[in-house]
Each structure stands twice: as structure tokens, then as C-alpha cells.
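See below for the structure under consideration.
The values are calculated or read from the model by the stated rules, or taken from the named source; none is laboratory data. As the structure is a computational prediction, the values presented were derived from the model and not from experiment. Using ideal geometry, Cβ is built from the backbone for each residue, glycine included, and neighbour counts are taken over all protein chains shown.
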Amino acid sequence: MYQNNAYNTYTQNNFEIESPQKLIEMLYEGILRFNAQAKRAIRDEDIEKRTYWINRSNAVFIELLYILDVNNGGEVAKYLHGLYSHQLTLLVRANMQNKESYLDEVNNVVKGLLEGWRDVTHVAE
């Protein structure tokens, strides 16, 4: 049910999505793009843009949390819930302290998640 909400939201925004699995991949990629923009804004000392891009990354993590099924997803879902929540904390710190290092930390985690997700979903295809 929750994946359908996210899926419907993105298809309404004219994204061509092949599957809910592709949606997760796009969400991870979006975080990386938004964080790259936030890092640029930090370097440019543009508080408004920094906040905008970090808020976009926050929104993606909130969506990822929303679609997690911690009741039926077992230990993996519980782990991801904690991991996503920690990434939200790091994004808040990046915004408040104007530090790229927190964004780098989030990016490293998301790159690992994206790589793992691609490995799992491509094997399943």
C-alpha cells in the first residue's frame, strides 16, 4: 500500500517508472543529486539554496521511512528505519553547522544502499 502511494506520486509528476523497485533506486539517486546541490550551496555560502536542497533530501528520507514496513519487514526494515533516521539527523547537522562533511557521510551511506539495492533488484529480474 505505501509503495503504491510513492509510486503514484512520482507517476503524477511525469516520471516513467518501470516498477516500485525502480522507484527506490530513483529515491536514492535523488538524495545524491540533492546533496551535491547542497554542497555547492555551502561552498557558495548560499543559505537559502543549502536549506532548500537539504530539505529535498530530508523529504526523500521521510518518504523512505514512510514506505518501510517495520511490522512485516523483519530485521532489515528495523535496521533501515534506524539508518534512515540517523541520516535525517546528519542532514539537520549539515544544515545547522553548514558542513559538507555531514553530507559526505550521508552520501557514503546512500551510495552503499544504492549499490546494494541494484545488486538485489537486478538479481531478482
Enumeration of residues in region 34-69 that are part of a loop (DSSP other than H, G, I, E, B) and exposed (fewer than 13 other Cβ atoms within 10 Å of the Cβ): D44, E45, D69
Every pair of residues 6+ apart whose Cβ atoms lie under 8 Å, when the first sits in region 92-107 and is within 13 Å of S57 (Cβ to Cβ) while the second is acidic (D, E): A94/E100
Unmet requirement for E105, which otherwise passes all of (1) buried (at least 17 other Cβ atoms within 10 Å of the Cβ); (2) under 19 Å from M26 (Cβ atoms); (3) at pLDDT 95 or above: (2)
Any hit, region 88-99, residues being of a type in the set (G, A, S), under 24 Å from H122 (Cβ atoms) and at pLDDT 95 or above: no
